[in-house]
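Below is one structure, written out as structure tokens; comments come after it.
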Amino acid sequence: MAGPVVTQLSYEELQTELKRREKTVRQLQRKRDRLVAQLEEVEKELAEAGGGKIRQHAGGRRPRNDKNLVDAMADTLKGKILSVTELAEAVQKDGYKTTSPNFRTIVNQALLKDDRFKRVSRGKYTVKSARSKKKAARR
């Protein structure tokens, strides 16, 4: 699909090549428009059949949350001791939206990095109390 090397062309040849490429672009745009219309029709039929929307492609938008993940985790963990898996599920149940296939790993990393969280036993975490935060600040 590549054309000739443009640095070796005369002015007239450049104009011809430019027109050829513009024509190709117009053809591709029409083809894209037809495909988009077909896709919209399939999505409409799918929705009518009760299948819902087609999964977004990789270029889709990230879901937006009211709070960042660490704040959501802290709120969920208040007064509780949970495993990483339980916390990941509870945070999502409480409304935190994510499309990550590795969400549990992200939760685990946040637990290890943020000093608001305290490891109670192997794989079990809670939120540090206000008292223990004051003690740590005095040291």
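Annotations for the structure displayed:
- Unsatisfied cross-links (Cα-Cα over 31 Å) in the set LYS31/LYS93; LYS97/LYS118; LYS19/LYS44; LYS44/LYS67; LYS31/LYS67: LYS31/LYS93; LYS19/LYS44; LYS44/LYS67; LYS31/LYS67
- Computed about the Cα centre, the dipole magnitude for segment 69-129 is approximately 240 debye when only Lys and Arg (+1) and Asp and Glu (-1) carry charge, each at its Cβ.
- Net charge of the neighbourhood of VAL84, taken over other residues with C-beta under 12 Å away and scored Lys/Arg +1, Asp/Glu -1, is +2.
- Long-range HN-HN contacts of PHE117 with modeled amide H, under 5 Å: LYS128
- Other residues whose C-beta falls under 14 angstrom from the C-beta of ARG32 contribute a net charge of +2, scoring Lys and Arg +1 and Asp and Glu -1.
- For a straight C-alpha distance cut-off of 16 angstrom, the aspartates and glutamates reachable from LYS23 (same-chain residues fewer than eight places away being disregarded) are GLU13, ASP33.
Quick note: the coordinates plus some simple rules give every number you see, no bench work behind them. Just so you know, these numbers come straight off a predicted model, no measurement behind them. We place every Cβ from the backbone using ideal geometry, glycine too, and count neighbours over all the protein chains shown.
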